[in-house]
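For reference, the structure is listed below as structure tokens.
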Amino acid sequence: MTASNANQARARVAVIGSINMDMVAHAHRLPAAGETLAGEDFVMAPGGKGANQAVAAARLGASVDFIARIGTRQYGHDLLASLKAEGIACAGVQTDASALPGIAVIMVGREGGGENAIVYVPGSNAQLSASDVQGSAAALKNAAVVVAQTEVPLAAIQQGFELARAGGAVTVLNAAPALPLSDAMLGVVDWLVVNETEALQLSGLQDKSLDGLRAAAQVLQLRGVKQVLVTLGAEGVLLCCSGQAAQQLPAFVVEAVDTVGAGDTFVGGLVTGLAEGRAAVDAVRLGQAAASIAVARCGVQSAMPLRAELPSEFAAQMAAA
Ligand code: ADP
């Protein structure tokens, strides 16, 4: 078997992450404290960065294992069904009939450019433990790429990344939200993906210029991360690999209508590309292409593209094992 065939046989992604039910009420403006306001629309849809990235990767053709905890006291069965409908393997999902799943209650005011207010209740996401993740050791060791976000406990992520490393998988941490990360955690991260705000929060720097973001990436690399990707919204991505000059990769030019979830679609594409054995620049490009389609549509998971919707340069897709 050639090296590239070996990669083809391992085009598998494991996601250690959060899953929520998002409840979104739209009104002409946000209510004041104590006020009851007539709304205009209501949508309930699965979300959570883990589930979003799992869905993005599955739609792009990756074979995805999801490792999570879902409280089924309310809505949890719907969340589980939504993953299965995307072809995502859920053997690593622990259910808990006594717990609530993660729930985000979101209010959006139409006037003022769609400003929002959110109450997020982490529910069972906060209960994901290192031993839950240990139970998915086989999936983690068989994956080509293991990705996590910081909406679940760091101890669970670290355990998962150590198992992933032991199996030879590449680890990707999307540090969203930006929480303090230990050197031990950063030491098991191959790729750190952050947006501009997160890069500055994690590095403790303040300069938002490209030079400042490059310096922030260097701070994180000095603490043990191999590669840092700073996403820059419509300005694309800053790719910082150890020992090489940082490279800005421009975003695809589209008319964006809803950029919520852009980062999750990007990460889903990135990890799919890496799992397919693509070079870093090509994996980033796959993430950018997917995100550019998603931002031109409304919704989060509902806006994520299928592989067939991508430009033809991404048509070649390695078979999942
Ligand atoms: P986050 O949602 O985590 O803040 P970003 O806003 O930086 O992440 O977006 C992630 C990626 O999505 C970008 O690097 C870019 O490739 C793509 N993207 C985001 N906004 C746009 C846009 N307006 N036009 C085209 N691509 C976009």
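The values are calculated or read from the model by the stated rules, or taken from the named source; none is laboratory data. Note that this is a predicted model, so its numbers are computed, not measured. Positions of Cβ are generated from backbone atoms using ideal geometry, with glycine treated the same way; all protein chains shown enter the neighbour counts. We work out accessible area using only protein heavy atoms, side chains counted, and drop any ligands, DNA or RNA first. Shrake-Rupley method; radii C 1.70, N 1.55, O 1.52, S 1.80 Å.
Calculate the spin-label point distance for V257 paired with T197, positioning each point 7 Å from the Cα along the beta-carbon direction, and give it in nanometres.
Each label point is offset 7 Å from its Cα along the Cβ direction, giving 2.5 nm.
From the residues Q248, L210, G187, which one has its Cα farthest along the dipole of segment 157-309 in the positive direction, the dipole being from +1 and -1 charges on Cβ of Lys/Arg and Asp/Glu about the Cα centre?
Among Q248, L210, G187, the one farthest towards the positive end of the dipole of segment 157-309 is G187.
Using unit Cβ charges (K, R positive; D, E negative) and no other charged atoms, how large, in debye to the nearest 20, is the dipole of segment 180-291 about its Cα centre?
For this selection, approximately 300 debye.
Amide H of V146 versus every other amide H placed in the peptide plane: which residues, excluding those fewer than 5 positions away on the same chain, fall under 5 Å?
Here A14, V170, T171, V172 satisfy the definition.
Sorted from largest down, what three extents in whole angstroms do the Cα atoms of the chain have along their principal axes?
62, 45, 41
How much accessible area per residue does segment 86-183 have, in Å², with a 1.4 Å probe?
41 Å²
So what J values fall out for segment 123-132 if you push phi through Karplus, 6.51 cos²θ - 1.76 cosθ + 1.60 with θ = phi - 60°, rounded to Hz, Gly and Pro as x?
For segment 123-132, the Karplus curve yields x, 5, 4, 6, 9, 4, 10, 4, 6, 4 Hz.
Considering segment 195-321, what Rg and Dmax in Å follow from its alpha-carbon atoms?
Reported Rg and Dmax, both Å: 14.9, 44.
To the nearest 0.05, how large is the calculated FRET efficiency for E40 and S242 if R₀ is 35 Å and r is the Cβ-Cβ distance?
So the FRET efficiency works out to roughly 0.10.
Suppose every K and R has +1 on its Cβ and every D and E has -1 on its Cβ; what is the size of the dipole of the chain about the Cα centre, in Debye to the nearest 20?
Magnitude of the dipole: close to 820 debye.
Please compute the volume of the convex hull spanned by the alpha-carbon atoms of segment 107-182 and report it per residue in Å³.
Per-residue hull volume (Cα only) is 119 Å³.
Given a 1.4 Å probe, how much area per residue of segment 185-321 is accessible, in Å²?
Ligands and nucleic acids excluded, the result is 43 Å² per residue.
With a 1.4 Å probe and every protein chain kept in, tell me what percent of the accessible surface of the chain is carbon plus sulfur.
Here carbon and sulfur together make up 54 percent of the probe-accessible area.
For segment 140-196, what is one quarter of the convex hull surface built on the Cα atoms, given in nm²?
Orientation-averaged projected area of the Cα hull: 3.5 nm².
How would K208, K141 line up by accessible area, probe 1.4 Å, largest first?
K208, K141
Starting from 0.36 nm per residue, how many nanometres of slack lie between S182 and Q134 once their C-alpha separation is accounted for?
Contour length minus the Cα-Cα distance gives 15.2 nm.
Give the Kirkwood hydrodynamic radius (Å, one decimal) of segment 125-273, defined as one over the mean of 1/r across all pairs of different Cα atoms.
The Cα-based Kirkwood calculation yields 15.8 Å.
Would you please classify the overall shape of segment 36-117 from the alpha carbon gyration tensor, given that a ≥ b ≥ c denote the square roots of the eigenvalues, rounded means a/c under 1.5, and beyond that prolate means a/b larger than b/c while oblate covers the rest?
Judged from the Cα gyration tensor, segment 36-117 comes out oblate (a/c at least 1.5, b/c at or above a/b).
Given the Cα atoms of segment 253-321, and with Rh set as the inverse mean 1/r over their pairs in the Kirkwood sense, what is Rg to Rh to two decimals?
0.96
Cα centroid distance between segment 86-115 and segment 26-70, in Å?
With segment 86-115 and segment 26-70 each reduced to a Cα centre, they are spaced 5 Å.
What Kirkwood hydrodynamic radius do you get for segment 178-236 when you take the inverse of the mean 1/r over all pairs of distinct Cα atoms, in Å?
11.3 Å
For the chain, what does the relative contact order come out to in percent, with C-alpha contacts under 8 Å and a separation of six or more?
For the chain, the relative contact order is 19 percent.
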